[in-house]
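What follows is a single structure, written as C-alpha cells, with notes after it.
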Amino acid sequence: MSSEEKKITLTTEDGEAVDFYVLEETRISNMNYLLVTDAADEDEDGECYILKDLSKQEDSEALYEFVEDDNEIDYLFKIFSELLDGADVGIEK
C-alpha cells in the first residue's frame with residue numbers, strides 16, 4: 001500500500017470495525033463520495049464500494065453510507081472510472 005492511500009475504519013451496527021482503503025474521492029453537488037475497497041494490497045482482488053459522506057462540517061466524526069441506488073451507482077461508477085483512467089487500478093462493475 002502506498003503512503004498516499006488512505007484507510008478508513010467503519011463501525012457496523014454490531015460494533016464490528018471494518019477497514020476500507022480509499023481508491024479515489026470526488027465531490028458532486030456538494031456531496032463527497034469515496035470509492036473504497038476491502039483489499040489491503042493492490043495485487044489482491046477485493047470488492048469495491050461507493051460511500052457517500054453524510055457528515056456535516058461541524059461533526060467530529062465522518063458519517064458514511066453505502067450508495068445502494070442502482071442509477072446513482074452507475075452514474076458514480078462512470079465518474080470514478082474516468083478519474084482512475086491511467087491509474088494503476090483496475091475496477092470492474
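Computed from the coordinates by the stated procedures, all read-outs in this text should not be read as laboratory data. Keep in mind that what you see is a predicted model, and the values were worked out from it rather than measured. All Cβ positions, glycine included, derive from the backbone under ideal geometry; neighbour counts span all protein chains shown.
The magnitude of the dipole of segment 6-84, with charges of +1 and -1 set on the Cβ of Lys/Arg and Asp/Glu and taken from the Cα centre, is near 500 debye. Taking a ≥ b ≥ c as the square roots of the eigenvalues of the Cα gyration tensor of segment 6-84, is the shape rounded (a/c under 1.5), prolate (a/b larger than b/c) or oblate? In terms of gyration-tensor shape, oblate. Residues in segment 62-75 carry Karplus couplings, in order, of 6, 10, 10, 10, 5, 7, 10, 6, 4, 5, 5, 4, 4, 4 Hz; the curve used is 6.51 cos²θ - 1.76 cosθ + 1.60 with θ = phi - 60°, and Gly or Pro positions show x.
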